[in-house]
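Contents: one structure, followed by commentary.
The values are calculated or read from the model by the stated rules, or taken from the named source; none is laboratory data. Here the structure is a predicted model, which means the values were calculated and not measured. Backbone-built Cβ (ideal geometry, glycine too); neighbour counts: all protein chains shown.
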Amino acid sequence: MYTQYWNLREAPFLNVVNDRLMFLTEQHQEGLARLLYLVDQGHMAGMLTGPYGIGKSLTLEQLFRHAQNIKIPTIRIDAIPDGALPMARHILRSLSIADPVQTLPEALMLLQSYCQSNNSRNLSRHLLMIDEAHFLASGDGFYLAHYLSNLRIPATGNRTETPLFTTILAGTEALRESIKGFESLRRRIQLDWKLTPLSPEQTTEYVQHHMRAVGGDIWSFSREALDTIYRYSMGIPRSINNICDTALMLGFAAQASQINPEIAEQASHDTGLAAFAQQTTDTPEATP
């Protein structure tokens, strides 16, 4: 709608995975590098946390592509509250185990038998990525993750015993807090990486990178507008996208030559992020 007005080849701020628009900060790159090492070395489990919209799913997508390149079969799943049994069924189907199961213990015993069967010499290590993993705290989710991390491919010939899964848990800060209460799983986490919001400078780089990637003028957003975007997005990439996309639409509607702070402010209110930022930064007044 606004792309022609701003001389853009495509919309620059959609919340989708797009290689041309990908912007990885140093912390994203380092976190990805550590996860890649975890997978390459066949370690047991890792954890990636951060607020919604920070780029966890983007990092997992890069990890998935790496696993494809090195021929490691991958299972991707989103955790759901009280969903241990359907998650276990999904994993069974992904391993081509067709036996129907009615309970979680049945599913777990079937997985154990799968590892100990005569065909175990043909088993290969898998990458298991569980997004929204903070929901594992509900019901038997953490126990399921614990059990999966215990499964081993038996040693045969010159091959040593290895984990069936390298498990990556990705979720919000609630995951880090709740997993403290499940020590047996927490002790299996060999990498714990936390993503934090972008700085003001990184926010500017993020916006300008996206504009440049689609052929736009990096100064379509004024310096003051960029400051406004940072203030209301609080450095969360998904929120930056929402504000910038709305701002470009408003700028087009107003036939503006540049996104100024007033337009950025209006976009922040229109997306509801201004109110959210205010609510987040407000502190309760002390009561007498």
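Before moving on, here are some points about what is shown:
- Scanning the range 125-143 for residues that are farther than 21 Å from P73 by Cα and either assigned to a loop (DSSP other than H, G, I, E, B) or within 19 Å of the chain's Cα centre (by Cα) (or both) gives H134, F135, L136, A137, S138, G139, D140, G141, F142.
- Residue satisfying condition, being modelled with pLDDT of 95 or more and surrounded by fewer than 13 Cβ atoms within 10 Å (Cβ to Cβ), within set T172, T167, T74, T103: T103
- Residue satisfying all of: in the range 38-58; out of contact with any strand residue (DSSP E or B) (no Cβ under 8 Å at 6 or more places or on another chain) and either over 13 Å from L198 (Cα atoms) or of a type outside the set (A, V, I, L, M) (or both); surrounded by the most Cβ atoms within 10 Å (Cβ to Cβ) among these: G55
- The range 183-234, subset among the acidic types (D, E) and over 30 Å from L144 (Cα atoms), residue surrounded by the fewest Cβ atoms within 10 Å (Cβ to Cβ): E201
- Residue ranges of helices (runs of 4 or more DSSP H) in the range 163-227 with at least 3 members in contact (Cβ under 8 Å) with a residue 60 or more places away in the chain: 173-179, 200-213
- From the options I179, I240, I218, residue that is touching a strand residue (DSSP E or B) at 6+ places or on another chain (Cβ under 9 Å) and of a type in the set (A, V, I, L, M, F, W, C): I179
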